[in-house]
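Engineer: My structure is below; once you've seen it, I'll send some questions.
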Amino acid sequence: MTEFASETCSLTAATMAAESGAKMTPAAVKPPIAMADLEKIDIRVGTIESVEDVPGSDKLVALKVNFGDHRRTILSGMKQERADPKEIEGKQALFVVNLEPRKVRGILSEGMLFDIGFADGIKPALAMPETAVPDGSRAG
């Protein structure tokens with residue numbers, strides 16, 4: 001999910017169907033890319049230290065994320081996806097850390113949270129390491 005696309009998207013009927021146990025039809029696989037293109041993306045593990053509302057937004061929250069050697073603010077459109085977005089505080093997740101920073105609603109977002117399911121219209125789940133790893137660990 002991008003922090004920006006989610007600002008204009010809402011949960012769909014597919015989300016409700018998925019939550020009720022209905023099956024999802026997987027999307028078609030995207031065209032192949034070169035390994036060099038994949039290697040440009042810097043994906044790291046970070047611990048979500050806090051989740052705060054973004055003033056004036058009914059979808060965005062600001063995540064304060066610890067990457068071991070530094071902390072960042074990353075906006076995410078999960079406010080309506082969870083009954084309590086603060087439930088992810090203290091959890092590790094995967095983030096893209098080399099996107100150009102972008103100011104949204106007056107807050108600088110310095111990356112993107114990876115989640116699973118948003119693009120398919122189902123209730124998103126965090127992409128997380130299987131076991132705890134040091135903050136800042138690279139994926140890939």
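The values are calculated or read from the model by the stated rules, or taken from the named source; none is laboratory data. It should be emphasised that the depicted structure is a prediction, and the values quoted were computed from it without experimental measurement. When we count neighbours, we look across all protein chains shown, and the Cβ atoms used for this are built from the backbone with ideal geometry, even at glycine.
Engineer: Of all residues being surrounded by fewer than 16 Cβ atoms within 10 Å (Cβ to Cβ) and not hydrophobic (A, V, I, L, M, F, W, C) in region 124-136, which is nearest to the chain's Cα centre (by Cα)? Just the residue, please.
Structural biologist: This residue is P129.
Engineer: Let me ask something additional. Can you say whether V65 is surrounded by 13 or more Cβ atoms within 10 Å (Cβ to Cβ) and either at negative phi or among the small types (G, A, S) (or both), as far as the supplied structure shows?
Structural biologist: Yes.
Engineer: Does S109 satisfy the criteria of being in contact with a Ser or Thr (Cβ under 9 Å, 6 or more places away or on another chain), of a type outside the set (D, E, K, R) and modelled with pLDDT of 95 or more?
Structural biologist: Spelling it out, S109 is indeed in contact with a Ser or Thr (Cβ under 9 Å, 6 or more places away or on another chain), of a type outside the set (D, E, K, R) and modelled with pLDDT of 95 or more.
Engineer: While we're on this one: Condition first: surrounded by 13 or more Cβ atoms within 10 Å (Cβ to Cβ) and at positive phi. Now tell me which residues in region 105-123 satisfy that.
Structural biologist: The answer is R105, G111, G117, G121.
Engineer: I'm trying to understand the selection: among the residues of region 90-104, which are over 11 Å from G46 (Cβ atoms), surrounded by fewer than 16 Cβ atoms within 10 Å (Cβ to Cβ) and free of Cβ contacts under 8 Å to residues at least 60 places away in the same chain?
Structural biologist: Within region 90-104, G90, N98, E100, P101, K103 meet the criteria.
Engineer: Which of the residues that make up region 34-73 are under 21 Å from G140 (Cα atoms) and β-branched (V, I, T)?
Structural biologist: Within region 34-73, I41, I43, V45, T47, I48, V65 meet the criteria.
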